[in-house]
Structure formats: structure tokens, C-alpha cells
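The values are calculated or read from the model by the stated rules, or taken from the named source; none is laboratory data. All figures in this text were calculated on a predicted structure; none of them were measured in a lab. We place every Cβ from the backbone using ideal geometry, glycine too, and count neighbours over all the protein chains shown. These area figures cover heavy atoms from the full protein model, side chains too; ligands, DNA and RNA do not enter into them. Shrake-Rupley method; radii C 1.70, N 1.55, O 1.52, S 1.80 Å.
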Amino acid sequence: LEAIPEGPTLLLHNHDQAGVVGTVGGILGEEGINISRMQLALVRERGEAAMLVNVDTVPCERVLERLRAVPHIITAQLVEL
């Protein structure tokens, strides 16, 4: 996974399932949070994936809780670089 250390970044660990990326984007859009960059990585043998999502504004705790509640999301955390 390549990361550009710039601004608020969401680190998401999830099961590799269809629709997870779209759901994450939908939640952020509903909350008015713009995605500036997104990187994805897959660990095929474990059926898991990771997302690094650079955003323009720091998401509040409510947004993080919404992301954590998404089916197939294992962890969601904010990293401020």
C-alpha cells in the first residue's frame, strides 16, 4: 500500500467484499467529506483488504462510528499525517 503522508487520512481494514468501497464513499459524501486520494490493497489469501483514504476535512467521531458499523469493515481509524 502506497501512502502519501498528507492531511487527515482514514485507515480502513475490511473483508474483501463487493460494495465496501462504494459504501465508504457514500458515507463520506453524505457527511460532506471530500475524498482527495484513495489507495487500496488486497491480501487475497486472507480475503481481506485495506484502504487509505485521504480526506479534505477531519471526520468527527460520528463519521468514524458510521464507518465502523459498515458490514465487512474490521477496523476504521483516523490518522493525521
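What the table below lists for this structure:
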{"quantity": "Linear extension gain, THR57 paired with ALA41, 0.36 nm per residue minus alpha-carbon span", "calculated": "3.4 nm"}
{"quantity": "Whole-number D in µm²/s for the chain (Stokes-Einstein; Kirkwood sum over Cα pairs; 20 °C, 1.002 mPa s)", "calculated": "170"}
{"quantity": "Surface share of carbon and sulfur [accessible, 1.4 angstrom probe, percent] for the chain", "calculated": "52"}
{"quantity": "Residue-count net charge about VAL55 - beta-carbon cut-off 15 Å; Lys, Arg +1, Asp, Glu -1", "calculated": "-3"}
{"quantity": "Filtered GluC sites (Glu not before Pro), the range 1-44: DSSP coil and at most 10 other beta carbons within 10 Å", "calculated": "GLU2, GLU6"}
{"quantity": "Surface per residue (accessible, 1.4 Å probe) for the chain, Å²", "calculated": "58"}
